[in-house]
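The values are calculated or read from the model by the stated rules, or taken from the named source; none is laboratory data. Given the structure is predicted, the values throughout are model-derived calculations rather than measurements. Note that each Cβ is placed from the backbone with ideal geometry, even for glycine, and that neighbours are counted across all protein chains shown. Note: areas computed on protein heavy atoms with side chains; ligands, DNA, RNA excluded. Shrake-Rupley method; radii C 1.70, N 1.55, O 1.52, S 1.80 Å.
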Amino acid sequence: MNIQIAQGVDLKIIQTSQFKNNTIVFNFSIPSNYKNFAKLALLADLLENASLKFPSEMLVSRKLSEMFGASYGVTVLRYGNQHTLRIRLTFPNNHYLPHKEDLLNDAMAFLREMIERPFAKNDQFDAHYFKIHQTNLMSYLDSISDNKEFYSTLQLQKLYYANDLNQGTYLLGNIDSIRELNASDLYNFYRAFIQQATVTVIVAGQIDQAQVVSRLKSFSTLSDRNDLGLKLFIEPELPKVPREKTTVFPGSQSLLNIGYRLPIYFGDDSYFAANVFNQIFGASTRSLLFTNVREKASLAYDIHSSYNSFSGMLSVQAGIEFKNLSQVIQTMDDQLTATADMAYPESLPAGVKKSMINQHRSQSDYLSTLAERQYVRQISGVAFGDSQWEQLVNDVTKKDVAEVAKRVQYQARYILQSQGDNDENN
């Protein structure tokens, strides 16, 4: 059931007795703007770990324990052109508690405290608390380069979206942008953000609808707000000539990252064919890339593809020896050609479809998945029932997959070349 709490504040209640827990998810969304990335990243930490009533992580944890082990978290996400601060509380369904305690009021009171009463005084976040989390976030950003797979993924993203800082910039910002923040300015940003962002609240479980609506209407932050004109799908400005970059680092394995334009978006007629294509091409252990590049040719330690239906982007990452670069790229291109030419056995699409459906079913066993799927429906306006989803996957033909493969366009290549490989080639 959809209910409007205020202008720009929507509530979706999902009644289900399938789970032993209930969940409440607040999604505060604004247009993606790289200037806000560091602010929202640090704000998420500050809203997660303390409030005026619970001015320490220990006190927050103690309160969650009192709610029979409820879990609480705040994170930032990017859905295409939308930048979202997500606040989630999951707590036991009263039917499974010893004395049938109803935790809904307690849960709502806790969320109101954490959202509306952050650990701040005199119009600024507590200075000591702010400094701790600012330093922690800077330390995390500094450590990213140690995770070579993730680091190279971010570098490909930066290269691919060189003309668009809102997409090419890492969602948590960078060390300099975090360092420039102060407790007063961030608090002013928080107050403006919480009153202006488009809000979608997802509540799932065995829930008293009237009670939820009543408690949400008592939130002072959930007042009317202007339409931000949020857009979901990314249509990047890409150059005619692909961008390529190589960086040398100390290590024993090189990483090849390739970005392709695949202009098929969530809900498009070819959306399901694009997903099956991704599994056939490189996303599964049955895929052509995994089988032919890694297993048969032994040209990669690992290789996989991923498809983002909000950005219309396909990417491939492979751990390789740099001396094999040309052969790896040629073999990868051969697999894309084979997909377009339908030059693979019928057992391959049958296997990946079965795997996709089994995974979809297993994910349905989680309350968080239920809430996430509902949120995607809310922001996209596209809904697929479980049986419909499975049927649309099964309906995809080899010809459909071939047509998707023909739309793949090479756009960017980033290589993280190991110093070891570099020394061997000199």
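The table below lists the values:
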read-out	value
Qualifying residue in the range 304-322 (condition: touching a residue at least 24 places away in the same chain (Cβ under 8 Å), assigned to a helix (DSSP H, G or I) and crowded, with 20+ Cβ neighbours inside 10 Å)	yes
Any hit, the range 78-95, residues being open to solvent by 50 Å² or more (accessible area, probe 1.4 Å), over 30 Å from E180 (Cβ atoms) and either within 28 Å of the chain's Cα centre (by Cα) or not aromatic (F, W, Y) (or both)	yes
Residue check, A300 more than 25 Å from F249 (Cβ to Cβ), in contact (Cβ under 8 Å) with a residue 24 or more places away in the chain and among the hydrophobic types (A, V, I, L, M, F, W, C)	no
Evaluation of S71 against (1) out of contact with any Ser or Thr (no Cβ under 6 Å at 6 or more places or on another chain); (2) polar (S, T, N, Q); (3) modelled with pLDDT of 95 or more (one fails), failing number	(1)
Per-region count, the range 118-131, residues assigned to a loop (DSSP other than H, G, I, E, B) and open to solvent by 30 Å² or more (accessible area, probe 1.4 Å)	3
Extreme residue, nearest to L336 (Cα to Cα), among residues of the range 241-261 that are of a type in the set (G, A, S) and assigned to a strand (DSSP E or B)	G259
Test: residue in the range 366-385 that is surrounded by 12 or more Cβ atoms within 10 Å (Cβ to Cβ) and over 30 Å from A197 (Cβ atoms)	no
Checklist (1) within 15 Å of A405 (Cβ to Cβ); (2) free of Cβ contacts under 8 Å to residues at least 12 places away in the same chain; (3) charged (D, E, K, R) applied to R261, failing item	(2)
Only one of Q157, Q134 that is open to solvent by less than 30 Å² (accessible area, probe 1.4 Å), in a helix (DSSP H, G or I) and at pLDDT 95 or above	Q134
Y170, sole failed condition from (1) part of a helix (DSSP H, G or I); (2) open to solvent by 30 Å² or more (accessible area, probe 1.4 Å); (3) in contact with a helix residue (DSSP H, G or I) (Cβ under 6 Å, 6 or more places away or on another chain)	(1)
Test for D142: is it in contact (Cβ under 8 Å) with a residue 12 or more places away in the chain, part of a helix (DSSP H, G or I), surrounded by fewer than 14 Cβ atoms within 10 Å (Cβ to Cβ) and out of contact with any Phe, Trp or Tyr (no Cβ under 6 Å at 6 or more places or on another chain)	yes
Any chance E390 is modelled with pLDDT of 95 or more, surrounded by fewer than 18 Cβ atoms within 10 Å (Cβ to Cβ) and in contact with a His (Cβ under 9 Å, 6 or more places away or on another chain)	yes
Residue in the range 288-295 that is free of Cβ contacts under 8 Å to residues at least 40 places away in the same chain and surrounded by fewer than 19 Cβ atoms within 10 Å (Cβ to Cβ) present	yes
Close pairs from the range 6-17: first free of Cβ contacts under 8 Å to residues at least 24 places away in the same chain, partner open to solvent by 10 Å² or more (accessible area, probe 1.4 Å) and part of a strand (DSSP E or B), Cβ under 9 Å, at least 6 apart	none
Any hit, the range 346-355, residues being over 23 Å from I14 (Cβ atoms), open to solvent by 60 Å² or more (accessible area, probe 1.4 Å) and modelled with pLDDT under 95	yes
Residue check, A210 out of contact with any strand residue (DSSP E or B) (no Cβ under 7 Å at 6 or more places or on another chain), open to solvent by 40 Å² or more (accessible area, probe 1.4 Å) and either outside any loop (DSSP other than H, G, I, E, B) or hydroxyl-bearing (S, T, Y) (or both)	yes
Candidate set from the range 271-287 (those that are in a loop (DSSP other than H, G, I, E, B) and touching a Phe, Trp or Tyr at 6+ places or on another chain (Cβ under 9 Å)); member that is least open to solvent (accessible area, probe 1.4 Å)	S287
Given (1) farther than 21 Å from I280 by Cα; (2) open to solvent by 40 Å² or more (accessible area, probe 1.4 Å), index of the condition Q359 fails	(1)
Residue ID - nearest to the chain's Cα centre (by Cα), chosen from residues in the range 224-237 that are more than 28 Å from L314 (Cβ to Cβ) and surrounded by 13 or more Cβ atoms within 10 Å (Cβ to Cβ)	L228
Total residues in the range 173-192, condition outside any helix (DSSP H, G or I) and either aromatic (F, W, Y) or surrounded by fewer than 19 Cβ atoms within 10 Å (Cβ to Cβ) (or both)	3
